[in-house]
1. Using a Förster radius of 60 Å, what is the FRET efficiency between residue A:502 and residue A:98 based on their Cβ-Cβ separation? Nearest 0.05, please.
2. Within straight cross-link reach of residue A:786, meaning Cα distance under 13 Å, which aspartates and glutamates are found once same-chain residues fewer than 8 apart are removed?
3. What order do you get for A:828, B:86 when you list them from fewest to most C-beta neighbours inside 10 Å?
4. Where the only charges are on Cβ atoms (+1 Lys, Arg; -1 Asp, Glu), what is the dipole of chain A about its Cα centre, to the nearest 20 debye?
5. Arrange B:34, B:127 by Cβ neighbour counts within 10 Å, fewest through most, would you?
6. Helix B:2-18 versus the longest principal axis of chain B: what angle, 0 to 90°, nearest 10, using Cα atoms?
7. Between segment B:32-76 and segment A:421-457, how far is it from one alpha carbon centroid to the other, in angstrom?
8. What number, in percent, do you get for the relative contact order of chain A if the mean sequence gap of Cα pairs under 8 Å and at least 6 apart is divided by its residue count?
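Only the coordinates and a few stated rules stand behind these numbers; no lab work does. The structure presented is a predicted model; accordingly, all values stated were derived computationally and were not measured. Positions of Cβ are backbone-derived with ideal geometry, glycine not excepted, and every protein chain shown enters the neighbour counts.
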Amino acid sequence: MNIRIDGVEYPATKDRNLLETCLGLGLNLPYFCWHPAMGSVGACRQCAVLQYPDEEAEQAGRGKLVMACMTPVSDGARFSLETAQARRFRQGIIESLMINHPHDCPVCAEGGECHLQDMTVMVGHRDRRYRGRKRTFRNQYLGPLVHHEMNRCITCYRCTRFYRDYAGGTDLAAQGCHDHIFFGRHEDGVLESEFAGNLVEVCPTGVFTDKHLVHDYTRKWDLQSAPSVCAGCAVGCNTLPGERYGRLKRVHNRFNAEINGYFLCDRGRFGATWVNDERRLDYPGLRGEDGRYNAIDHHGALQRIVSSVERGAVAAVGSPRASVEANFLLRLLAGPARFCPGFSAVEQPLVGEALALLRASRATVPDIATMETADAILVLGEDVSNTAPRIALALRQGVRNRAYAMAAGLKLQDWQDAAIRNLAQDQRCPLFIAATAATRLDPVAARSLRLATPEIARLGLRVADALAGDNSNDYSHDNSHDNPDDHSVHREAAAIADGLRDAKRLLVVSGTGSGDIAVMQAAARVAEAFRDTGREAMLSLVVPEANSLGQALLCEGNGSPDLDALAASAEAGEIDTLLVLENDLYRRAATDQVDRLLANCQRVIALDQLDNPTTSASHLAVPAASVIESEGTLVSLEGRAQRCFPVFPPHAERHPAWVWLLATLKELGREAVSDWHHFDDVTRGCAAAIPALAGIAAAAPDHRFRNHGVRVPRQPPRYSGRTAMRANVSVHEPKQPEDEESPLAFSMEGLNRDQPAALLSYVWAPGWNSNQGLHRFQADVGGPLKGGPAGIRLLRANGGATPLPRHATAAFAVEADEVLLVPRYRIFGSEALSAISPGIRELVRPACIELCAADAERLGLADGDGVQVGDNAAALPLRIDDAMAPGCAGYTAGYRETAGLAPNTRQRLRRVAHFSPPGPTVIGSDRGGRHG
Amino acid sequence: MLKSALSQLQTIWTILQHSFTRSETVQYPEQKPYLAPRYRGRIVLTNDPDGEERCVACNLCAVACPVDCIALQQGVKEDGRWYPEFFRINFSRCILCGMCEEACPTNAIQLTPDFEMCEYDRQNMVYEKEHLQIDGTGKYHDYNFYRVAGLAIAGKDKGAARNEAEPVDVRSLLP
């Protein structure tokens, strides 16, 4: 079908609105309230165009003003953007919006990437005619992440539409009336939603800005950026970190239609600035007799690594947060049998099982965008809001599919946001949650169950049976039929199966967060049973870290030792040199256990970014570049290999881990690496050696790729200060650093257009300085990028060739003086590196033990008591939380204090006398460590 | 032939005329020519009428600079003002075009009639903030950015800037 705009015929897609059609055609039409992910409400009146009923009216110039965002296109429709009437109207709107806008641009963190600036320039409004007084507001304190400057508001309502309608937050709202509309909280306080940071990008002007950036500001045109991948969790959201003067200034969302879309969680957005931390290692440090470290140069460090490796038996600990390539090289160095993947002993089988289930299941392994298409969701034992927050945001969209289905019945288009919300009210697709405690998704869930971990597994198995119409299986031990809880699990399972009756696309979410293999297996069984009824099932298993799945793929099936096995062989004196890659072992096992392991090795070489207890216990600490400063491939929880590129060259002697390890292998004269010179050689070598990782070389174009004959620039076209920024050191300007490992350039030369999506280094188009200009990079407005999808899927379902395991699980009964330890994750704190980023650091709360009031009373404990778990040395404060499942004691997972605790074990809690609760501790702050 | 001879004569005549005009050349450096206040020479950073630093580190001068010889980093003072933590001009690159002065929204950066900036060592042409900052308002005496901006700073609350109304009471529903 075709439409006519200003007398020109354009192709159009039926049922899309005129605004997105115009933007897709490359026409400049200003707008504020419309957002590609949130649809239209027609609130701001900025996208007005003239619509003509027929040709005669068009020639006479007689039409009516319509809002493009609320107007569906239809075949033969006639519009005018350029007619004086429409232009005058749009100018009038901007002029009214600007009446109260403060004279703030020079001191506003949005300036230079402000949608309001762009739109004002676009309509040509220049001179202020209004001479009255400007309305003002007082700002609110909204926490350490988001800065509030309410005077700048233009009342487009995007913030509340995102915060409340899209992300399910409750503590930000429009208040007041007439021109006193105020967007904020009922009182000062930290924004509760874990997606609050998106307000920075959603707000078309500078009301909500990145607080860290406001205090160390650089304009967008001065930020050097490169495509990167968030290392905060296993989802693998695409990011655009921005750097200036060697410091990471901020992280923006990098659009990926299949994963994060337009939004990031706050851990991802604000959790990467730890790379600026003063505890970063700059030079290799060699520990002397007195326990102090002396800086040596990289030649010296390399010689010492090589001589240590040559002198005796070597073992290595990799890291699930380091890149596939670095881990692969380390594995090559130590040998597969002496390479420990670096998971905790508890986590290793869990991640292995997650991978095995994803392979064995015939259900689809969905990306985030596919998750949003589910019309029924079952979450088993995984607190996704804290372990993989972006999935939680997707689940919130998934439950809205009921609303879209109702809208389709009334022939309402999907973008009619307000109409659809009014229509559906509280009707949602069924979301069932079984967890050991309350989750943030409970308010949108049809049913939220608080169960002990084994009960969650049993619930899952029973749901699977009920779906299969089979009630004969008994997964519990014989005596469990006497257990009244068992009947309730049975009843709940039947209710869930009943709730899934009308569903066509079921999404089952589980993962390693429950700490129990049986829960993941039960989840896989539910997906399988649902699929067997001829409907579509999706199975998503959350793994802990950015490259957990890549590490599992690397070590799949060759019996890599876990940390306990490594400790045992160290005990037996079989390890002379232990290499540790980007891994603080004190977070993986109990302190005394790690102490023994490190003491039993003659030499410990730690390759890491930050000073932590493991580097402080090492004999040689080698500085590694962070994920922001080095190239690497990370495999996300859906099995997508994604490449990240260095945003800026690392300082001093920080080199990417793969550089250190490749140099070591070359010094050792290893035949396999003799022809490897580039990062791409390592990637290809890894792809060739590990069949499961064969796809990783295709995750992004290699370093020889050129975009229309030139590189892709990291710096925007108006990057300033090049002849002055280093002039304090020397007035003789050095050549721009050359990037020999990627097709990107550390300069503004090149072409940031038409490139493959994996190489999108910033979003800018003429007239579109803000991130709203993204549509110029999309093949279809709101849809995938012109360069195709970024990353490559490594996992392909094997069509059920491997039967799913079918284990019985004992029913859980509350014991008189024992509790079941269950892990509780936190978005801020459970991930070690993000927790030391400024801002997030203020939101990290100390680790604790959580019990429901009844259990606390039964055990004679009170809120605020110090408790010891079993023989674990650390005393933790007790918090009474009635949202905990009875009989379960939640411990804050991912903290050093709780590293020795084993999930789903029965433990006694001992009250500690004279306990003083810890203040808000700064994670990883013990500078100097044990030997300092 | 005749044409060329005439041309030669005309040239000689013109040159001869110059013997009777006043010389524009002066004996610089002993004799200094007059330079108007708006002459584009060495760049300075000025203070506002209250004696506070005018520069708010907005980066517009840096982006306007055609030779990219200005680099700075923003910081926020205790009182809420934005200021440059460092401000560097590489005068060995500067072409004294004055684009920075035109771009400056606070009248902080100004060009002065001083152009005598010879150095034996090129490194000495790199001026930091302490070399650029003067204790005065320069050519523009009255402008104070924070009196018109919406940003609140110590001593100037919300609603206290020029043409601003008192802050709204959000809890009131009165019309």
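1. Working from the Cβ atoms, E equals 0.75.
2. Answer for residue A:786, where 13 Å is the Cα cut-off: A:754, listed by chain and number.
3. The most exposed by this proxy come first: B:86, A:828.
4. Charge dipole, chain A, about its Cα centre: 2860 debye, nearest 20.
5. Neighbour counts put them in this order, fewest first: B:34, B:127.
6. Value to nearest ten degrees: 60.
7. Going from one Cα centre to the other spans 59 Å.
8. Value for chain A: 15 percent.
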